Amino acid sequence: MSNIFKRADIYSIIYEQKNYKKEVSFILNKLKKYNVRAKTVLELGSGIGGHAKYLCKKGIKVTGVDRSKSMIDGSIKDKNFINILGDIKKINL
């Protein structure tokens, strides 16, 4: 894994212009189009919770999995977001 994906501080700087809100809106619109009502989301490689932040604002509960402790420690804090430290290839959910 590249070092930028292990360090939340560097990751945040590199992706500060990323439009997570727009990406979440796109996903929610697709779900709505196909009449899928998501109450929970599993986000693999959740990082600092960029997508989770906007999903949680919509009342969706998000469980994130990331293998970087720095990303988990630096992730958003929200009652609807649980971020688990683990390798997505090995984690037992």
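At 1.4 Å probe size, with every protein chain present, just tell me what the per residue accessible area of segment 51-91 comes to in Å².
On the way: 2490 Å² over 41 residues.
It amounts to 61 Å² per residue over segment 51-91.
If you take every residue apart from residue 54 with its C-beta less than 11 Å away from the C-beta of residue 54, what net charge results, scoring Lys and Arg +1 and Asp and Glu -1?
Here the charged neighbours net out to +3.
Which of the peptides 43-55, 59-71 is most tightly packed, and how do the rest follow, going by the mean number of other Cβ atoms within 10 Å of each residue?
Details: 43-55: 21.0, 59-71: 18.6.
Result, highest mean Cβ count within 10 Å first: 43-55, 59-71.
Taking 0.36 nm per intervening residue step and subtracting the Cα-Cα distance, what contour gain separates residue 13 from residue 84 on full extension?
This chain segment gains 23.3 nm when fully extended.
Compute the length gained on full extension between residue 40 and residue 57: take 0.36 nm times their separation in residues and subtract their Cα-Cα distance, giving the result in nm to one decimal.
Values: separation 17, 0.36 × 17 = 6.12 nm, distance 1.25 nm.
Roughly 4.9 nm would be gained on extension.
Using a probe of 1.4 angstrom, how much of the accessible area of the chain is carbon and sulfur, in percent?
On the way: 3580 of 6680 Å².
C and S fraction of accessible area: 54 percent.
Which number comes out as Rg/Rh for the chain once both Rg and the Kirkwood Rh are worked out on C-alpha atoms?
0.97
All other residues with a Cβ under 10 Å from the Cβ of residue 85 taken together, and with Lys, Arg as +1 and Asp, Glu as -1, what is their net charge? Each step should come with its number before you reach the end.
On the way: positive: 67, 69; negative: 66, 73, 87.
That sum, taken over residues with Cβ under 10 Å, equals -1.
The values are calculated or read from the model by the stated rules, or taken from the named source; none is laboratory data. Just so it is clear, the model here is predicted, and its values are computed rather than measured. Every residue, glycine as well, gets a Cβ built from its backbone with ideal geometry; the counts of neighbours run over all protein chains shown. These accessible areas exclude ligands, DNA and RNA; they are computed on the full protein's heavy atoms, side chains included. Shrake-Rupley method; radii C 1.70, N 1.55, O 1.52, S 1.80 Å.
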